[in-house]
Every structure is written in structure tokens, then in C-alpha cells.
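Everything on this sheet refers to the single structure shown next.
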Amino acid sequence: MNGKFDPFVAEWIAFVRNPKYNLVEKCLKFAQVLEYPDLDVEQYIGSIRRMGLTLREKVTDVKNPTYLISMLNEYLFEELGFSGDAEDYFNPKYNFLNEVIRCGSGIPITLTILYVEVAKFIGLDLRIVGFPGHVVAKYGEEMILDPFYDGNLLDADDLQAMLDETHGDLEFRPEHLDEIGTEQILVRMARNLKNSYMQSFVYDKAVLCTDIVLAIEPESATDIRDKGVLESRLLHHDAALRYLNEYLELSPNAEDIDNVLEMIRNIKANQ
């Protein structure tokens, strides 16, 4: 990837890759970097801790996972009222964990992060699954849970229906239920925000999100393309051409090659 050194992004990546910070801390730092410079990270860590401790007081000594999941669902979704917001799904704020905690609603990725974190307080080891288009949680390999829909248990038919809705003819495969790590989670959040900012014409923040992704995945062709598109919209013609040409080198057979070539011709004509 071609591009100048950005100390801001470098500092962010150093934080992301520091093992002393956990996923929640990194998500809150993400919010602080992009939208909330005065965010009190400890306040929201404390909010999650209070939720977890309150839930712990409600459960008995029974260690059955089905019981523990039912108690987790009852507490988060019935008592506290957390819910997925299907009507305002693409609101950028739902990618920020502090906003989800504050307003009680969100999208699959942030609700799942909160769900898995609170579950730890009752000894429930849930994992975050990078299912295409819709992050979910799993217990072992046999229970797939959807925090966006009140922690509902999903079966193979449900999962295929989700794929049909978001990806057309994509067929369900077991690897769709693989656990994803912290960096992959942050990349998904940054891509969500990049798309939201692009749709809202907030190109400077969309560029920052793209830089965050490329710092973690420097050979991501689609993000290199998007960086070129964004630089073009900011009238940074030389940078736009550099990224778009790099995309062509990485993906010479991509379906959007004609569109990218036309964009390059238009940029050169307006230089």
C-alpha cells in the first residue's frame, strides 16, 4: 500500500496490538478516536461491570449453560431493554460501544460485544462469530445466539435465511461460524463506519476509517479502491490515482474494473 506515514493511525494501531488492553477497552478507544475525544472510558467499563455484577447476583449456583443463557437474555433484553434497531440500522453511532450502552440499542456487532462481555461475569464463555453480514455469538460449537434479536437461538435454516437476505445466493458453510479476533472485529466496525460516512458525505472521517483498516490489512484491495474513491471526492487527484492504480494491479479481473478505469480517466481529465 502506498501512502504517507500517519502518526495518528500508527498510535492507534500500537494501542490495538497492545495485549494489555482488552476488546472493550479497544472498542471504547475506537469511539474516542473517531467521534468522542472527551469520552470517559472508565465510566463505560464501570457500566459493563455493574451490569455483570448485578446479573451474577441473580443467578443460582446452577452451571447449566442453557439456564445461564436464559438468565443473560432475560436480564439484558427484558430487564434492561437492550435491543437491535432494525429501523435505524445504518446509524454510525451504533458502531460505538459507548452509544450502545447509553441508548440501549445497536447493531449485531456492538450488541454481541456487550453480550459476550456481560456473560463472562456468570462464567459463560461465549465467543464472537464473524458470520457474513451479521455478527453473532456462540457457546461451544452447538449453540449459536443472536444478540440483535434478544439472544435467540439460531439453527441452520435461520443462518441460511440470514445469508439469503444479505448475500443472495451464498450457501452456508461451517467456516462462517468461526470465531473472530479483536483486530477482525475492529476492522468490521471501521468498514461499517466507512460506509456510513461515505453515504453521509463525511469523507474526511471515511478516509480515517479506511486508513485504520489498511493499517491492519494493508493488502485489502477493496479498501485500497475505496481510499482512491475518497481521495477523488476530496479532490486529492494524485493520491486518488495512486490508490486506484494500485487496486487495478491487485485485482486486474475485478467486476468493477470498467468503472474504476472510467474514474481514472475522469480524474486525469480534471487535473
Problem set entry | Matching option when the condition is touching a strand residue (DSSP E or B) at 6+ places or on another chain (Cβ under 8 Å), open to solvent by 60 Å² or more (accessible area, probe 1.4 Å) and among the charged types (D, E, K, R), among E179, E262 | E179
For this session: Assess whether S200 counts as being in contact (Cβ under 8 Å) with a residue 40 or more places away in the chain and surrounded by 19 or more Cβ atoms within 10 Å (Cβ to Cβ).
Result: no
Seminar exercise, completed: The lone condition Y67 fails out of (1) assigned to a helix (DSSP H, G or I); (2) more than 26 Å from the chain's Cα centre (by Cα); (3) in contact (Cβ under 8 Å) with a residue 12 or more places away in the chain is (3)
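Return a yes/no flag: does segment 24-32 have any residue that is over 15 Å from the mean Cα position of the chain (by Cα) and surrounded by 13 or more Cβ atoms within 10 Å (Cβ to Cβ).
Residues of segment 24-32 over 15 Å from the mean Cα position of the chain (by Cα): 32.
Still in the list and also surrounded by 13 or more Cβ atoms within 10 Å (Cβ to Cβ): 32.
Yes - at least one qualifying residue is present in segment 24-32.
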For this session: Report whether or not D88 is touching a residue at least 60 places away in the same chain (Cβ under 8 Å), open to solvent by 10 Å² or more (accessible area, probe 1.4 Å) and in contact with a Phe, Trp or Tyr (Cβ under 8 Å, 6 or more places away or on another chain).
Result: no
Exercise. Is there a residue being under 28 Å from L68 (Cβ atoms), part of a loop (DSSP other than H, G, I, E, B) and open to solvent by less than 60 Å² (accessible area, probe 1.4 Å) anywhere in segment 204-220?
Worked result: no
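Which residues, counting only those in segment 228-259, are among the basic types (K, R) and open to solvent by less than 10 Å² (accessible area, probe 1.4 Å)? Working first, answer last.
The first filter runs over segment 228-259 and keeps only residues among the basic types (K, R), leaving 233, 242.
Across segment 228-259, there are no qualifying residues.
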Seminar exercise, completed: All conditions in (1) closer than 26 Å to R50 by Cα; (2) over 17 Å from the mean Cα position of the chain (by Cα) are true of P147 except (2)
For this session: Hey, can you tell me all the residues within segment 104-156 that are open to solvent by 40 Å² or more (accessible area, probe 1.4 Å), modelled with pLDDT of 95 or more and in a helix (DSSP H, G or I)?
Result: K120, Y149
Problem set entry | Selected residue (only one of E57, E35 is open to solvent by 50 Å² or more (accessible area, probe 1.4 Å) and free of Cβ contacts under 8 Å to residues at least 12 places away in the same chain) | E57
Problem set entry | Those residues of segment 68-105 which are within 15 Å of S47 (Cβ to Cβ) and touching a helix residue (DSSP H, G or I) at 6+ places or on another chain (Cβ under 6 Å), in sequence order | Y75, F82, F96, L97, N98, E99, V100, I101
Exercise. Are any of the residues in segment 128-137 under 17 Å from the mean Cα position of the chain (by Cα), small (G, A, S) and within 26 Å of G52 (Cα to Cα)?
Worked result: yes
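The values are calculated or read from the model by the stated rules, or taken from the named source; none is laboratory data. The model shown is predicted, which means the values in this text are computed figures rather than measured ones. All Cβ positions, glycine included, derive from the backbone under ideal geometry; neighbour counts span all protein chains shown. Surface areas here come from the heavy atoms of the whole protein model, side chains and all, with no ligands, DNA or RNA. Shrake-Rupley method; radii C 1.70, N 1.55, O 1.52, S 1.80 Å.
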